[in-house]
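*Asks:* Let me begin by handing over the structure; questions about it come next.
The values are calculated or read from the model by the stated rules, or taken from the named source; none is laboratory data. Predicted, not measured: the structure shown is a model, and the values here were computed from it. For neighbour counting, all protein chains shown are included, and Cβ atoms are generated from backbone atoms with ideal geometry for every residue, glycine included. Calculation scope for accessible area: heavy atoms of the full protein, side chains included, ligands and nucleic acids excluded. Shrake-Rupley method; radii C 1.70, N 1.55, O 1.52, S 1.80 Å.
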Amino acid sequence: MNKTSIALLIFIAAAIVVLISYTGDLTTYETIASAKERPGKFVNLITTIDKQHPIEYDPVKNPNYLTFTAKDSLGASIRVIYRNNKPTDMEKSDRLVLKGKVVDGQFECKDILMKCPSKYKDAPNQIVAPAAS
């Protein structure tokens, strides 16, 4: 074998090792129930804020501590702990994508992505027919 073939084989082997290492970091969208079954595994949850429970955030006491209860489309709920600033207008969001893991029965959230309500919905009374000339 010449040097080019050996270098090519080493490069291919290194590429395979890198690809295999990244597959362990892939996350999927889970339900709250399935996330609770696998504590410590990093997951993404699609949820809404459970408005029957209070959102606890005191920026004077600790601006980097937010807790609230989230529920998924199947009705399961979990307490969420987010150790960062509260996202602006979080309560107005239709859905939240929470990235984190379940620890001791609570969801330790690392990142919150918000799905905001559409700003382009027309109100029924704003649609006016053109005037006849």
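*Asks:* Contact list please: Cβ distance under 7 Å, first residue in the range 45-59 and under 16 Å from residue 97 (Cβ atoms), second residue among the acidic types (Asp, Glu) and in a loop (DSSP other than H, G, I, E, B), pairs at least six apart or on different chains.
*Replies:* Pairs that qualify, where the first residue is under 16 Å from residue 97 (Cβ atoms) and the partner is among the acidic types (Asp, Glu) and in a loop (DSSP other than H, G, I, E, B), are 45/72; 46/72; 47/72.
*Asks:* Output the residues belonging to the range 1-18 that are modelled with pLDDT of 80 or more, of a type outside the set (Phe, Trp, Tyr) and open to solvent by 70 Å² or more (accessible area, probe 1.4 Å).
*Replies:* Matches in the range 1-18: 2, 3, 4, 6, 8, 9, 10, 12, 16, 17, 18.
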